[in-house]
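A.B. asks: This is the structure, below, for whatever I ask next.
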Amino acid sequence: DVVITKAEYDMSSVEFENAEYTYDRNGKMLNVQGKLPDGVSVSYYVDGLPTNELINSGVYEITAVFTGDSHNYEPIEDKKATLTIKKATHNMEGIKLEETSFVYDGHEHEIKLKNEMLLPNGVEAIYKNNKHIDAGTYEIELSINENNYQAEIVETELVIKKAEAIITNKMESNN
């Protein structure tokens, strides 16, 4: 009897390594490095879904699945690597606030961004301690919130000045 056992592919020159990028609205991917043996192909999966191009910030485990001649060769072990996409920092320069000083009038006042259209698409302005009625000086924090950007905080003051009292003197005449 002659027994022919399955051969093993030489994958010693094939590497699949971790990588780290910063979010820039472009897709990022990991690819195996080195020369695949003849007849071997690779597919990439993230959370069981066939993909290898990711855009949003996060930490992703990517699995490289190799296929080849299963009749004559042993199965090839999958390789895993981590793709990290770090949050970008949005430059708050050029973003101006509307009026920051008011005169007390019994109504609630707040600071708003003057040029919200300068924020990247999907980025939202978040205000902390921003709505006040009574006269005083209030510390306000403005930050941005979006999954792909780090929150950059701008501090400013909301000032509500005391209103001037108007005193009228009514004299009645006794005619």
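A.B. asks: Determine, for each peptide in 25-32, 59-66, 160-167, the mean count of other beta carbons within 10 angstrom over its residues, then list the peptides with the highest first. Please list the in-between numbers first.
C.D. replies: Details: 25-32: 14.5, 59-66: 16.6, 160-167: 9.5.
In descending order of packing, they fall as 59-66, 25-32, 160-167.
A.B. asks: Could you work out, for region 1-149, what percent of all Cα-Cα pairs fall into each 5 Å distance bin, beginning at 0 Å and stopping at the bin that holds the largest distance?
C.D. replies: 2, 8, 13, 12, 10, 9, 8, 7, 6, 6, 5, 5, 3, 3, 2, 1, 1, 0, 0, 0, 0
A.B. asks: Suppose we keep just the DSSP beta bridges with both residues in the chain; what percent of those would be antiparallel, to 5? Mind showing how you got there, number by number?
C.D. replies: Values: 32 of 42 bridges.
The antiparallel proportion sits near 75 percent.
A.B. asks: With r as the distance between the Cβ atoms of residue 139 and residue 165 and R0 = 30 Å, compute the FRET efficiency 1/(1 + (r/R0)^6) and round to 0.05. Could the numbers behind the result be given before it?
C.D. replies: On the way: r = 27 Å, r/R0 = 0.92.
The computed FRET efficiency comes out at 0.65.
A.B. asks: Given R₀ = 25 Å, FRET efficiency for residue 4-residue 80 by Cβ-Cβ distance, to 0.05?
C.D. replies: Here the calculated transfer efficiency is 0.20.
A.B. asks: To the nearest 0.05, how large is the calculated FRET efficiency for residue 18 and residue 153 if R₀ is 35 Å and r is the Cβ-Cβ distance? Present the calculation step by step, with values, prior to reporting the outcome.
C.D. replies: Values: r = 31 Å, r/R0 = 0.88.
The formula returns an efficiency of 0.70 here.
A.B. asks: Less than 16 Å apart at the alpha-carbon level, and either on another chain or at least 8 residues along: which lysines does that give for residue 131?
C.D. replies: 112, 161
A.B. asks: Classify region 30-89 as rounded, prolate or oblate from the Cα gyration tensor: take a ≥ b ≥ c as the square roots of its eigenvalues, call it rounded if a/c is under 1.5, otherwise prolate when a/b beats b/c and oblate if not.
C.D. replies: On the way: a/c = 3.38, a/b = 2.56, b/c = 1.32.
Prolate, since a/c reaches 1.5 and a/b exceeds b/c.
FYI, it's all coordinate maths here, none of it is from the lab. All figures in this text were calculated on a predicted structure; none of them were measured in a lab. No Cβ is skipped: glycine too gets one built from the backbone with ideal geometry, and neighbour counts run over all protein chains shown.
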